[in-house]
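What follows is a set of notes on a single structure, which appears directly below.
Bear in mind that the values in this text are calculations on the coordinates, not laboratory data. These numbers were taken from a predicted model, which means no experiment stands behind them. Note: ideal-geometry Cβ built from the backbone for every residue, glycine included; neighbour counts use all protein chains shown.
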Ligand SMILES: Cc1cc2nc3c(=O)[nH]c(=O)nc-3n(C[C@H](O)[C@H](O)[C@H](O)COP(=O)(O)OP(=O)(O)OC[C@H]3O[C@@H](n4cnc5c(N)ncnc54)[C@H](O)[C@@H]3O)c2cc1C
């Protein structure tokens, strides 16, 4: 390792890999530092190892996936958006394919192909990735150069740089190397770090309901979030029961709301509408028809046409209706109880999983202190930040990786164009 570089990128996740490639300038010395043994451990496991790269959605709805803070990304996306990313990956040798929900994946279904392609590109550009290079402190010296204290393969080291890009990620899945150190580095330069919390995280529910139907996946359901008998929000899509609660795309998306409600000590519960296509009246008519048409059938059999098999025993227990009861014996009250459970299956939310199981971190380095057209710190010249270290996070569906890559693309391009004394 040299003792001085023009450009140092800290953290070789998706943002760091992109920032380093895009910072390439034949007149600059550049290095990408990564504390783990391999670059981009999180990217390798993203999308269950398949990597949901981006989404087909148009700009406006794409930005909305990040909530109010999405506006910050508008300029970055105007420079490098979903199809630019797909073309970019294609040029790196990673063809992609479009799937349900507008989601793009590598044609090979292998997230590692993306990592390998970036690594190969960096090799071609002769930009080294130094692994097991753990940056422990970032400051500036009297001459205005950045000073990085680090351990390299366990041994202390120091290196200086004219410009630095922090791409150290957030706090989620710390086993992949993302442990929030970029927040500390940013704070040292006066940056505000907004409150962080696990986001896109499974939630925990009371009792043993989830455990009893663990593994059951529900497609095309609506989950509504309630507090004190007031509906807060709802989402339609897919969810799954786990041993301790619920997860799946809509739950993960709702988790930011659920986590903040839990943090505010609110009473939180969800209701699962298993038949969202039918309102109460239509569902009741359907139940009446079924009962009339199959009056000699038993109740348990009727449930088979309404529910995934693994949920039948649970429904029978909750409804307290004899499974062998013939349908013509089902009372109006019992039919109502069944309808209510199908439309409003209740679960008390009592907590959420930790950062260990959160797809992203909400909160991070305040966007007010970052120039959205350059990703440069407004507080420190030639300090750039990109990716999840920033206080912007989105829903599931390829949005988070796109924001990491787009912000890093911009930061990289800016660093590329900077001049240094002696160059
Ligand atoms: C299980 C899982 C699945 C996901 N699937 C998807 C998906 O399919 N689609 C999607 O859009 N998003 C997905 N995400 C989210 C996405 O992976 C992240 O938003 C993205 O990886 C953030 O990129 P980043 O480069 O900013 O940070 P990270 O990927 O967190 O990378 C940061 C890097 O910096 C290194 N580092 C940290 N501190 C230091 C230091 N002090 N010195 C040196 N190096 C350091 C870390 O080791 C790490 O390699 C998933 C996340 C998880 C956990």
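Overview of results
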item: Estimated 222 nm signal from helices in the chain, with DSSP H stretches of n ≥ 4 weighted -39500 (n - 2.57), rounded to 500; result: -9500 deg cm²/dmol
item: Residue 333 versus residue 281: modelled label distance in nm, points set 7 Å from Cα along the beta carbon direction; result: 2.6
item: Theoretical gain in end-to-end length, residue 142 to residue 309 [0.36 nm per residue, Cα-Cα removed]; result: 53.1 nm
item: Extended-chain gain in nm, criterion 0.36 nm per residue less alpha-carbon gap, residue 48 and residue 227; result: 61.2 nm
item: Average Cα contact separation per residue, the chain, under 8 Å, 6 or more apart, as relative contact order %; result: 24
item: Selected from 320, 337, 110 as most flexible by GNM, with the chain as the system and alpha-carbon contacts under 10 Å; result: 320
item: Neighbour-count order for 103, 289, 413, fewest beta carbons within 10 angstrom listed first; result: 289, 413, 103
item: Contour minus Cα-Cα distance for residue 107 and residue 257 (0.36 nm per residue); result: 50.6 nm
item: Cα centroid of the stretch 253-328 to Cα centroid of the stretch 1-19, whole Å; result: 53
item: Ellipsoid equivalent to the stretch 202-353 - semi-axes via the Cα gyration tensor, in Å; result: 29, 15, 13
item: Diffusion constant of the chain at 4 °C, which comes from Stokes-Einstein with the Kirkwood Cα-pair radius and 1.567 mPa s, µm²/s; result: 55
item: Calculated diffusion of the stretch 1-77, Stokes-Einstein form, Kirkwood radius summed over Cα pairs, 10 °C and 1.306 mPa s, µm²/s; result: 106
item: Per-residue Cβ neighbour rank within 10 angstrom, fewest leading, 286, 219; result: 219, 286
item: Separation of alpha-carbon centers, the stretch 112-187 and the stretch 341-416, rounded to whole Å; result: 18
item: Acute angle (nearest 10 degrees) that the helix 111-124 long axis makes with the longest principal axis of the chain, alpha-carbon atoms; result: 10
item: Neighbour-count ranking [beta-carbon atoms within 10 angstrom, fewest first] of 284, 317; result: 317, 284
item: Spin-label proximity, residue 211 to the stretch 319-354 - amide N less than 14 Å from point 7 Å beyond Cα toward beta carbon; result: none
item: Helix 399-417 vs. the chain, principal-axis angle (Cα, 0 to 90°, nearest 10); result: 10
item: At q = 0.20, 0.23, 0.29, 0.34 Å⁻¹, base-10 log of I(q)/I(0) for the stretch 144-184 (Debye sum, equal scatterers on each alpha carbon); result: -0.78, -0.92, -1.02, -1.04
